[in-house]
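Below: the structure, in structure tokens.
What follows is calculated from the coordinates using simple rules that are stated; it is not laboratory data. Owing to the predicted nature of the structure, the values given are computational and were not obtained by experimental measurement. Please note: Cβ atoms are built from the backbone with ideal geometry, for glycine as well, and neighbour counts cover all protein chains shown.
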């Protein structure tokens, strides 16, 4: 195990946790975190620490961490600021290996409280502990069912890991896995970063086998040089998707009263991102969508995109989106046109986007996809209108009040499910056979959640999502292209 | 009733419909439309027309529209192109008042087929019928439960009306009402616009009492002057939100093979939109969100926005979003700061965004909102973090496997519901008392659908939505501000 993995092991894979400040009373933090840990199904030992209570949420409570008759890997502290230093001293005495200081009321408040944080930093330095916070919302490590985050939730585990300088932004992001069937591996709210900085966590995620893609919400970095050195190292093997707060003067002012961060020049940050392969998202949903895109898709060799669509308007919107994002909506090679002509009715669009104009049926769609993706002049495919299942489900729902149509609706649904399974299968096979990304749009992406249709189920299993608009699909593809180009260029420089 | 309302009456409020080309066989258009009409619960008479069948979906079928023993207001034609002209002649004979030609295979295919469309136009001119299409996907008029669209769906009715030059784009938009609890009143797919142009329909929507906001997906307009004359007239009383396909060369090429439209210069289109108060959306979801925003919100007097947030990071993202959209994140007036200081713990942000930093509880949030919105130096409020209900529901869900916490989870849930009701109530009252918009963000917007929490229920009733990201909330507010400014300026010009 590397030094970095070892250092963060007690934080993300603790065998035992003490919650100093545990409470029975909602909505106190000491209650919320207890409840999250207990109901989250944490696989290790849990010890609530409380001066007065005998028991919290069914677990025996101890007056001090030093009273616990077990080794403690991780202490989580939710006490008021005045009592935090003492708690840390107890942790040191107990040889606790890592701590998360949830407590707020430090540098984010004002100069008086900043002194308190400086005192905290001095105290942390006297220990060997890895200390997260203060002013943070906790962490999740879903490999071991650890949810020590304020918001209780039974989230599906996955390969995304997030470090966030805002706990609330982290909370917001926990709502996306349910929509897109791609989950988090680890989430950590880094707060004021008194001792552990977001780049330290990014560095750890870079080596962590459970993390495939890294997300970071950042308001400011103290040591920009180190941040981007770490980023440059990590992006060689894993994409980093950053959402940056404080891009404008108004946002920067808000940062300084939030985490006390100095956001710095956005142009400089942006340039540094480009030089180190860091991907910048424009909004919360985009951050999640981009990160999720890297899970199930191979990287494209270039920016030449083929578009195939069930509907003309979708094709138009996607072509606009691709072109305005700098992708090359290639002119269809002659042999592609010839091959498609062989079996599609003549009314197809004869261009890129390939609009089948309802010709060729399901088989036609799949055949066209292979003709496009196997072309050496096309690097990736944008597919608009994946799956029939949802429209057929709407039909079945409409038939509910009409007993005489139920049998028919059932048959239609069955037929759609069969087609959808074959469709999903083919998409995944083609993508892997030619090692090119296929990005799929469907209008039902957001209204149909977790595994409700065969297409969604099959895609989810392969770590793929279905994009909710043609523009979002094109944007996602753009980031795949850019990251791929960055990797190629940085390898050439390294030669 | 005005001339325009009268003209479109048989199209959108038919008492009887004949479907020429009705079929028993999925997935034929003649089946799909029949199924939509029948299961949609159309309140008038439905007559399937088919040469061979005696009955379709339980309704007596007739060999020709001329055989129907009833007046026909609306004929929908799904026959192959070669038989459409004859069908139109029958309709003329029968004195049918309006028709929708679903049939494709006209100018969108090529020059040969364009001749067929010209013939169709000549035939239409010989009648007095209002004829939509060809190459379209039908229409919905939900006031009378009429769904004559290919996709069967029982959609909630609402105040939005859509004209779309792409049926598929129309279909995509039908998935949003379920997500945001704002429904459509009318949807019409205008297809190749042989006789009725999108601007004709926009003009009708402008006078239609059921329509409050107009959405249009447009690839090209034949008569730009008339389009923008109509738009200018209509935007005086109703917002028009346009999504334009064919902004780029790649998109324009796609348009010409889709509807045969010449997209024209995007810069010119854009300038004309600005001059006539037409709002341009950037994507499908944005189109719906903007349109929905106009339903429940008063127009702001200016661009000065106050931001109030439950979480620092949200405030930062919103401040960035507002500032980059040209909104003024105002410096808080001294009296506002003084008033807030009176009851909030000193750790609040003392600036805009007002970050309560968990101070003041629910009451504090509501009190701050009034202090902000009543200020004469603030035109609108962006509120980040509306409602507790969903977090509490997560908690209750987490407690499911633990019988000992169920009672507690129930109490927490009840308390949250009470707070949420009060919260929603206060937001709606404040907005109406000061006649200023309050735009609300919540991370659960997309994962919690239809009326699942008290806040969503109360907001829905008032025609308000909860935005899924701080940026989307800020974008929506920007469009309110811009439309409001346009109206003010155009009124001043008119003086």
Item to check | When the convex hull of its Cα atoms is projected in every direction, mean area for the protein assembly as shown (nm²) | outcome: 40.4
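Out of the DSSP beta bridges found with both residues in chain A, what percent are antiparallel (nearest 5)? Mind showing how you got there, number by number?
On the way: 9 of 59 bridges.
Around 15 percent antiparallel, to the nearest 5.
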Checklist entry - To the nearest Å, what is the center-to-center distance of segment B:44-60 and segment B:403-481, using C-alpha atoms only? => result 47
Checklist entry - For segment B:119-170, what is one quarter of the convex hull surface built on the Cα atoms, given in nm²? => result 4.6
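Could you check what % of the DSSP bridge pairs in the protein assembly as shown are antiparallel, to the nearest 5?
Details: 18 of 118 bridges.
Antiparallel: roughly 15 percent of the beta bridges in the protein assembly as shown.
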Checklist entry - What whole number of Å gives the distance from the Cα centroid of segment B:308-369 to the Cα centroid of segment A:141-173? => result 26
Checklist entry - By how many degrees, 0 to 90 and rounded to 10, does the Cα axis of helix B:470-494 deviate from the longest principal axis of chain B? => result 70
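Taking only the C-alpha atoms, wrap a convex hull around segment B:365-477 and report its volume per residue in Å³ as a whole number. Before the final figure, lay out each step's value.
Values: hull volume 10.6 nm³, N = 113.
It is 94 Å³ per residue.
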Checklist entry - Other chains' Cβ within 10 Å of A:119-132 residues: what's the mean? => result 0
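Kirkwood Rh and Cα-based Rg: tell me the resulting Rg over Rh for segment B:423-487, rounded to two decimals. If you can, show how the numbers build up before the last one.
Values: Rg = 12.4 Å, Rh = 12.6 Å.
For segment B:423-487, the value is 0.99.
I need B:285, B:222 ordered by Cβ neighbour count within 10 Å, fewest first.
B:222, B:285
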Checklist entry - Say each of residue A:435 and residue A:86 gets a label point 7 Å from the Cα, pointing the same way as Cα to Cβ; how far apart are those two points in nm? => result 6.3
Checklist outcome for this item: In whole Å, largest first, the alpha carbons of segment B:277-338 cover along the principal axes 41, 27, 21
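Hey, what D do you get for chain B in µm²/s if you plug the Kirkwood alpha-carbon radius into Stokes-Einstein at 10 °C and 1.306 mPa s? Kindly include the intermediate steps, with their values, before the conclusion.
Details: Rh = 24.6 Å.
Translational D for this selection: 65 µm²/s.
Over segment A:415-489, what relative contact order in percent results from Cα pairs under 8 Å that are six or more residues apart? Don't skip to the answer; put the middle values down first.
Working: 52 pairs, mean separation 24.3, N = 75.
Relative contact order here is 32 percent.
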Checklist outcome for this item: If one compares the long axis through the Cα atoms of helix A:361-374 with the longest principal axis of the Cα atoms of chain A, the angle in degrees, nearest 10, works out at 70
Checklist entry - Which peptide among B:131-141, B:313-323, B:332-342, B:45-55 comes first, and what is the full order, when sorted by highest mean count of other Cβ atoms within 10 Å? => result B:313-323, B:131-141, B:45-55, B:332-342
Checklist outcome for this item: Rounded to a whole number, the mean other protein chain Cβ count within 10 angstrom for residues of B:464-471 is 3
Item to check | Mean separation of Cα contacts under 8 Å (6+ apart) over length of chain B, as relative contact order % | outcome: 11
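Take the Cα pairs of segment A:398-448, get the Kirkwood Rh, then feed it into Stokes-Einstein at 4 °C and 1.567 mPa s and tell me D in µm²/s. Working shown, then result.
Numbers: Rh = 13.4 Å.
After rounding, the answer is 97 µm²/s.
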Next on the checklist: Averaged over its residues, how many other protein chain Cβ atoms are within 10 Å of peptide B:393-402's Cβ atoms?
Outcome noted: 5
Item to check | Estimated 222 nm signal from helices in chain A, with DSSP H stretches of n ≥ 4 weighted -39500 (n - 2.57), rounded to 500 | outcome: -14500 deg cm²/dmol
Item to check | Cα-based equivalent ellipsoid, segment A:137-227: semi-axes from gyration tensor eigenvalues, Å | outcome: 21, 14, 11
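Quick check on the exposure proxy: order A:397, A:7 from fewest to most C-beta atoms within 10 angstrom. Mind showing how you got there, number by number?
Numbers: A:397 14, A:7 18.
The most exposed by this proxy come first: A:397, A:7.
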Checklist outcome for this item: Hydrodynamic radius by Kirkwood for segment A:1-135, inverse mean 1/r across distinct Cα pairs, in Å, is 15.0
Checklist entry - Once the Cα atoms of helix A:224-235 and of chain A are each reduced to a long axis, what angle between those two axes, in degrees from 0 to 90 to the nearest 10, is obtained? => result 50
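What number, in nm² with one decimal, is the all-direction average of the projected area of the convex hull of the alpha-carbon atoms of segment B:155-296?
7.6
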Checklist entry - Taking neighbour Cβ counts within 10 Å as the exposure measure, how do B:242, B:427 sort from fewest upward? => result B:242, B:427
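For segment A:58-134, compute Rh as the Kirkwood radius over C-alpha pairs and then the Stokes-Einstein diffusion coefficient at 37 °C and 0.692 mPa s; write the answer in µm²/s, rounded to an integer. Intermediate values should be presented prior to the final figure.
On the way: Rh = 12.9 Å.
D = 255 µm²/s.
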Item to check | Percent of C-alpha pairs per 5 Å bin, segment A:1-75, short to long | outcome: 3, 17, 26, 23, 15, 8, 4, 2, 0
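State, as an integer percentage, the relative contact order of segment B:1-135 based on alpha-carbon contacts under 8 Å between residues 6 or more apart.
Working: 239 pairs, mean separation 30.2, N = 135.
Normalised by residue count, the contact order of segment B:1-135 is 22 percent.
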Next on the checklist: Closest beta-carbon to the A-to-B rotation axis: which chain A residue owns it, and what is the separation in whole Å?
Outcome noted: A:446, 3
